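**Q** Below are the structure tokens for one structure; questions will follow.
The values are calculated or read from the model by the stated rules, or taken from the named source; none is laboratory data. Keep in mind the model is a prediction, meaning the values are calculated, not measured. For neighbour counting, all protein chains shown are included, and Cβ atoms are generated from backbone atoms with ideal geometry for every residue, glycine included. For accessibility, only protein heavy atoms count, side chains too; no ligands or nucleic acids. Shrake-Rupley method; radii C 1.70, N 1.55, O 1.52, S 1.80 Å.
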Amino acid sequence: MNKAINCIIIDDEEMATKVIAKHLENIPDFKIVGIFHSAVEAFLVIDDLKVDVMFLDIQMPKMTGLSMLKMLKKQPLTVLTTAHREYALEGFQLEVVDYLLKPIGLNRFLQTINRIKRLVNTNSQQTSIEKEEKVTENSETLDHIFIKSERAFLKIDFSTILHIEAIKNHIKIVTTKETHISLMPISEFETKLPPNDFIRIHRSYIINITQVKRFDNNSITNDNGVFPIGRSYKEIVRDLLTKRLIK
């Protein structure tokens, strides 16, 4: 394995982070690029760290590890670390690599590392194949999307979108001119949006940051109305909007 594997450790207990960091000292090619004692703190910078592997505690103040995991647009290989067995099922439903119970012994930790190495090698091979397939594709960043609405495909410019609302397995896309309904989960549509201009503020709402007229700790206002900020999203949304909109 030639390329270093960038790791971050997130746990509100300092001793727990030291245990994992100590274990990683024995592993060639694994590099710690960040240690955080808050899920909120890690969430705000994770996109800038080019993280390959995340060792994530579950029970933390302000935001749990599982809440953070659900909010990530791109999830690194994730190992949940906890003293509680009852979260295992939910963790694996979120496609985590492994679930380590504290205290984490070195032998059990090495089993997880071997699993990570296999996944990294597989992903690396798949990435190489995908790059070869995309050589002839247009690499320009699109400023629009086509959605299927009724029996036709409609072009929507990202800049005109005010917000997106989840309605069961459909989404309602509200623009400055009209509203469209499309059969698509909101989580899938979220992956197609420019991440710098759109933010998930609630399980049911994504808003266009450039269209925000007012915001506080509980709600966001645009030209189409007032939208609630979900409890688990509040701190992240406030911090991101403040950084983006308050100069």
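**Q** Here is a list: D216, D223. Which entry is at pLDDT 90 or above, open to solvent by 90 Å² or more (accessible area, probe 1.4 Å) and farther than 18 Å from L44 by Cβ?
**A** D223
**Q** Testing V97 on (1) in contact with a Leu (Cβ under 6 Å, 6 or more places away or on another chain); (2) among the hydrophobic types (A, V, I, L, M, F, W, C); (3) under 23 Å from H202 (Cβ atoms), one condition comes back false. Which one is that?
**A** (3)
**Q** List every residue pair whose Cβ atoms sit under 6 Å apart, with the two residues 6 or more apart in sequence or on different chains, where the first one lies in region 78-100 and is of a type outside the set (D, E, K, R) and the second, anywhere, is at pLDDT below 85 and surrounded by 14 or more Cβ atoms within 10 Å (Cβ to Cβ).
**A** Pairs that qualify, where the first residue is of a type outside the set (D, E, K, R) and the partner is at pLDDT below 85 and surrounded by 14 or more Cβ atoms within 10 Å (Cβ to Cβ), are L80/G91; Y99/A88; Y99/G91.
**Q** Scan region 146-164 and tell me whether some residue there is at pLDDT below 90, within 30 Å of F30 (Cβ to Cβ) and either touching a Gly at 6+ places or on another chain (Cβ under 6 Å) or not in a helix (DSSP H, G or I) (or both).
**A** no
**Q** Yes or no: I220 β-branched (V, I, T) and within 29 Å of L69 (Cβ to Cβ)?
**A** yes
**Q** Now a separate question. Out of all the residues in region 170-195, which are without any contact (Cβ under 8 Å) to a residue 12 or more places away in the chain and under 14 Å from the mean Cα position of the chain (by Cα)?
**A** If the condition is that a residue be without any contact (Cβ under 8 Å) to a residue 12 or more places away in the chain and under 14 Å from the mean Cα position of the chain (by Cα), then S187, E188 are the ones that fit.
**Q** Same structure again: Enumerate the pairs (first residue in region 1-26 and part of a strand (DSSP E or B); second residue anywhere and open to solvent by 100 Å² or more (accessible area, probe 1.4 Å)) with beta-carbon separation below 7 Å, excluding pairs fewer than 6 apart on the same chain, so at least 6 apart or on different chains.
**A** These pairs meet every condition: I5/K31; N6/K31; N6/K50; C7/K31.
**Q** Give the residue that is surrounded by the fewest Cβ atoms within 10 Å (Cβ to Cβ), with candidates limited to residues of region 34-69 that are among the charged types (D, E, K, R) and touching a Ser or Thr at 6+ places or on another chain (Cβ under 8 Å).
**A** The qualifying residue surrounded by the fewest Cβ atoms within 10 Å (Cβ to Cβ) is K62.
**Q** Given the options K117, K73, K22, K50, name the one that is over 21 Å from the mean Cα position of the chain (by Cα) and modelled with pLDDT under 90.
**A** K117
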